[in-house]
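We did not get these values from a lab; they are worked out from the coordinates using the rules stated. Since we're looking at a predicted model, the values are computed, not measured. Here Cβ is always computed from backbone atoms with ideal geometry, including for glycine, and neighbour counts include all displayed protein chains.
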Amino acid sequence: MSIIDDILSKTDMDEIRRETEENYRQYVNPFALRMFKNASLDIIEGKREGAAVWDISGQKYIDCVTGAGIFNVGRHNKEIVEGLKKALDTYDMGGWISIVRERGLLAKKLAEITPGNLKYSLFCCGGGEAIEVAIKLARGHTDKTEIICMENGYHGVTGFALPATGRDVYKQPFAPLTPGYRHVRYNDIGAVEEAITEETAAVLLEPIQGEGGIIPADDKYLRDLRELCTKNEILLVFDEVQTGFGRTGKMFCAEHSGVAPDIMVMAKSLSGGLYPLSCAVFTEEIAEFLMTHPFIIINSFGGTSLACLVALATIEYIEKNDLPGHAAKMGERFMAGLVALKGKYPNLVLDVRGKGLMLGMEFPEDSIGPRMAYQLKQNGVISIYTFNNPRIIRIMPTLVIDEKEVDFVLEAFDRSLSEIAKQEEKTAVR
Amino acid sequence: MATGDEIWEALADFTDQCNNNKRLRKMQRDWTKVLHFKAVDTGDSFTMKVVEGEITKNDKGTVGTPDIIVETDSETMCDMFWGDINPTQKYLRGEIKVKGTQEDVMRIDVITAVIWPEV
């Protein structure tokens with residue numbers, strides 16, 4: 001029996017849990033285990049399907065985190081899984097020194113579905129790595145050094161990406177960081193104007209701040225930003241890692257404003273939730289820098305045959321099933337329910353916002369986000385607060401969620417808010 | 001219900017445990033904060049000053065501008081300082097209220113996780 005057979009054949013759930021927790025305690029991260037257990041989020045995933053995930057004990061949850069947008073096509077999408085299985089009969093990852101047929105096909109497809117003149121693609125494994133590529137391209141192409149990015153933005157925690165992330169707690173222990181990053185207020189065109197210098201290479205932002213608290217950029221702000229960047233010969237870079245592939249009701253969030261960036265970064269759902277892949281897509285003009293500097297990114301695992309096949313199947317599934325349209329429809333249903341809850345709990349819910357199925361609910365204080373996550377778990381829903389703003393609980397289910405499941409989540413929110421309202425009342429009385 | 005003296009005694013013990021734990025002080029070396037603790041049933045309050053991971057001063061009453069305010073009943077506060085409860089679980093169930101950032105809540109949990117890993 002192989003180790004895989006051995007792992008998959010175990011059926012004693014108590015033993016699996018004991019063994020897994022002990023391995024985490026001893027060899028992975030005991031503090032992470034403690035955090036998961038404290039928050040009652042110590043789910044060991046078993047079956048995964050559609051909008052739901054089951055703990056190994058058989059308890060079903062609607063997944064409203066989805067890895068912050070990894071599983072747009074649903075958990076363990078059967079069509080894509082079958083495609084990957086077929087490919088595995090012949091393929092391995094492919095040698096990185098070879099010309100990869102599937103990479104060419106995927107790059108062509110991305111050029112077709114991305115806005116404006118985006119054309120060339122460089123592939124990596126994670127979102128942060130693709131942000132690094134975008135920043136290197138921006139600096140290389142413009143021969144300038146400064147990157148304007150946003151307060152509370154999140155772009156990853158690796159070398160060139162970390163300084164762009166707009167929150168000190170991620171950065172403080174690791175100074176000195178790569179210099180040349182200036183953070184400005186989000187949705188404030190005047191702040192960007194003031195930050196521009198002769199050294200500005202690019203403006204980098206998420207069209208909806210995810211970890212910052214599900215904050216959509218105003219369409220006018222994005223259009224003004226486009227104009228400002230063009231006028232000053234500055235590149236506009238959109239981080240669509242969380243917002244891409246139908247999440248907001250369009251294939252890419254940029255489409256809502258009609259603004260095309262010069263570089264677009266994508267990851268998460270490009271993987272189909274099955275095989276890691278990220279990429280930066282950019283214009284032909286920017287691609288010229290690669291002729292003289294072809295090695296701005298060297299990696300073993302970016303854009304492998306298997307990853308690109310899965311990405312092509314993922315995009316095919318999204319288009320065939322009109323997931324952006326479905327996300328818009330389910331998003332409307334969610335929003336109507338969330339607005340009603342805001343009316344029902346006016347002291348607890350300050351705001352509900354978002355686009356499509358990238359939604360957030362804002363509370364008056366930091367502690368309520370984590371407490372809501374705890375309560376939602378008791379009511380059959382997995383969710384978590386946004387990492388740069390714990391006052392906001394995110395609602396980012398798969399894009400295959402149906403009406404009944406949306407209603408189930410809304411009921412879980414109602415019950416959870418009711419419990420927290422009782423807790424608050426108790427504290428106030430004391 | 002616990003008296004103010006009992007909480008003060010528990011706080012002193014907690015302080016000794018923290019300051020005598022080299023591993024904890026190293027882990028928390030970049031944490032400098034003022035914490036206010038308020039027992040909502042008795043009205044007792046306390047101030048703890050942490051400088052680079054070391055508790056440098058405790059006061060009865062609230063002193064200075066707090067970075068973090070912890071509110072609970074006197075009994076739970078005593079239990080928290082004696083290590084008889086998991087404060088993060090109480091926090092998530094709304095029995096301990098913390099006003100401050102989520103990072104600071106996690107730092108408080110680190111303290112209890114290191115001193116009382118079994119709780």
(message) Just to verify a result, which residue in the range A:335-355, among those that are surrounded by 15 or more Cβ atoms within 10 Å (Cβ to Cβ) and within 15 Å of A:S416 (Cβ to Cβ), is nearest to the other protein chains (Cβ to nearest Cβ)?
(response) A:L348
(message) Name the residue that is farthest from the other protein chains (Cβ to nearest Cβ), counting only residues in the range A:356-380 that are more than 16 Å from A:K37 (Cα to Cα) and of a type in the set (A, V, I, L, M, F, W, C).
(response) A:L357
(message) Consider the range B:27-47. How many of its residues are within 13 Å of chain A (Cβ to nearest Cβ), of a type outside the set (F, W, Y) and at negative phi?
(response) 10
(request) Output the residue which, of all residues in the range B:94-112 that are in a loop (DSSP other than H, G, I, E, B) and touching a helix residue (DSSP H, G or I) at 6+ places or on another chain (Cβ under 7 Å), is surrounded by the most Cβ atoms within 10 Å (Cβ to Cβ). (result) B:I96
(message) I need the full set of residues from the range B:69-92 which are more than 7 Å from chain A (Cβ to nearest Cβ) and in contact with a Phe, Trp or Tyr (Cβ under 7 Å, 6 or more places away or on another chain), in order please.
(response) B:V70, B:M77, B:F81, B:G83
(message) Take the conditions of a type in the set (D, E), buried (at least 16 other Cβ atoms within 10 Å of the Cβ), more than 14 Å from every other protein chain (Cβ to nearest Cβ) and in contact with an Asp or Glu (Cβ under 6 Å, 6 or more places away or on another chain) and apply them to A:E199. Does it pass?
(response) no
(message) Given the options A:P390, A:P397, name the one that is within 12 Å of another protein chain (Cβ to nearest Cβ), of a type outside the set (A, V, I, L, M, F, W, C) and not in a helix (DSSP H, G or I).
(response) A:P390
(message) Just to be sure I understand, how many residues within the range A:173-223 are part of a strand (DSSP E or B) and touching a helix residue (DSSP H, G or I) at 6+ places or on another chain (Cβ under 9 Å)?
(response) 11
